[in-house]
Structures are given as C-alpha cells and as structure tokens.
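The values are calculated or read from the model by the stated rules, or taken from the named source; none is laboratory data. Everything numeric here is computed off the predicted structure, so don't read it as measured data. Cβ coordinates were reconstructed from backbone atoms using ideal geometry, including for glycine residues, and neighbour counts include every protein chain displayed. Accessible surface areas use protein heavy atoms only, side chains included; no ligands, DNA or RNA. Shrake-Rupley method; radii C 1.70, N 1.55, O 1.52, S 1.80 Å.
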Amino acid sequence: PQVTNFQLAAGSRITGTITGGANNTKLKRVKIRFRDSVSRRFRGAVRTNDDGDFNFNISPGSYIAYISNDTNQQYASTAWTSNGGHVDRNYGEIFTVAAGGTKDLDINLAEGGTIQGIVCNSGTGTTCVESSDHQFKKIKIRKFSATDRFSNNIEFDTDTVRSNSKSKFRLQVPYGVQSIRQWKKL
C-alpha cells in the first residue's frame with residue numbers, strides 16, 4: 001500500500017444567524033454563499049438550520065456573503081453589509097477571516113414579498129400558462145432596481161433566478177416598486 005501524508009492549513013469559521021424584519025424572526029433554510037472578494041470565485045455555501053443559525057468552515061481570507069432567500073418566507077435576498085444598507089449583490093461588503101479565527105455574521109433581511117410568474121411568448125395573444133414544451137425554461141429573471149418604502153431610489157442587483165422546467169419563476173424582494181428584466185441564456 002502507498003502511504004500519503006497530508007498537512008491541513010489552519011482554518012477559519014464563519015458563524016451567524018439570519019433573521020428577518022423588525023421582529024427579528026429567525027429564518028430557516030436560507031442559503032448563504034461565500035465568494036472570494038478579489039476573484040469573485042465561489043468558495044462555498046451553507047443553509048441556516050431550523051433556528052436560523054449557520055456555521056461554515058473556510059480558509060482564511062477576504063470574502064463577500066450573499067444571502068439567497070429561496071424559501072417561501074417573505075423576506076428579500078441581499079448581499080451582507082454591516083451597516084444594514086442595501087448594496088449591489090456583485091459588490092457586497094468585504095470581510096476578512098483570520099487563520100484560526102471566527103467571524104460572526106448576524107444578518108437581518110428586509111421585509112418584503114414574492115414576485116412570481118410564468119415566462120411566455122407575449123406575441124401569441126393567448127393567456128400565459130405553464131409551458132408544456134419547456135421552451136421558456138432556464139430564462140434568467142433579474143431584479144435590478146427598486147424604490148424602497150421611503151421613496152429612496154436604490155440601484156442594485158438583489159437577485160437573479162431562472163425559470164424552472166415549467167417556465168415558472170419566483171423571486172423574493174423587499175417592499176417597494178420593483179423593476180425586473182428577463183432574458184434568455186444563449
């Protein structure tokens with residue numbers, strides 16, 4: 001048999017709780033993705049447990065956390081910011097985790113609602129229904145700007161989803177006036 005020795009690097013841990021709204025409701029099954037702050041490469045993901053908590057082992061470095069609420073809970077997805085403000089999902093706030101250290105991210109998602117629908121051909125003159133031929137599956141739906149409930153204009157990319165195999169999509173967004181775009185992946 002061949003013997004191979006490994007030496008593991010000193011790791012780090014990211015822990016936290018995801019809550020929603022003014023009541024700080026703990027949100028279960030919310031996905032947190034981590035990307036390298038320089039290369040924007042995906043470095044891992046975790047979901048909150050039933051108590052809204054998560055913990056994730058990761059290499060030391062600088063990261064951006066993206067919170068995707070793809071559940072039926074009425075709270076918006078966001079990129080993490082320590083001051084609670086909204087930011088472009090592609091340029092969220094950078095945080096650093098030192099070797100052997102722990103970074104605690106307690107994040108509160110804005111209250112909101114759901115935009116859902118079916119992607120179909122508007123030129124047919126018929127009512128949109130679930131597509132049986134799946135010609136509109138995997139269409140990107142991008143929410144790209146909003147006016148919040150205080151009439152502040154916010155320009156940022158809060159979430160991008162794709163239509164499913166029946167041409168349906170669902171997107172969690174904060175309260176306010178929303179603008180969305182859709183386009184087909186080439």
Residue ID - least open to solvent (accessible area, probe 1.4 Å), chosen from residues in region 105-122 that are outside any loop (DSSP other than H, G, I, E, B), at pLDDT below 80 and of a type in the set (S, T, N, Q): Thr114
Within region 43-73, count every residue that is at negative phi, surrounded by 20 or more Cβ atoms within 10 Å (Cβ to Cβ) and either assigned to a loop (DSSP other than H, G, I, E, B) or β-branched (Val, Ile, Thr) (or both). 4
Output the number of the condition that Thr102 fails; it satisfies all remaining conditions of (1) at pLDDT 70 or above; (2) under 21 Å from Arg47 (Cα atoms); (3) open to solvent by less than 20 Å² (accessible area, probe 1.4 Å). (3)
Single residue of Arg35, Arg40 found to be modelled with pLDDT under 95, open to solvent by 40 Å² or more (accessible area, probe 1.4 Å) and assigned to a strand (DSSP E or B): Arg35
Take region 23-47 and flag every residue that is of a type in the set (Phe, Trp, Tyr) and closer than 16 Å to Asn69 by Cα. Phe34
Whichever residue in region 3-24 is farther than 17 Å from Ala110 by Cβ and in contact with a Ser or Thr (Cβ under 8 Å, 6 or more places away or on another chain) and, among such residues, is surrounded by the most Cβ atoms within 10 Å (Cβ to Cβ): Ile14
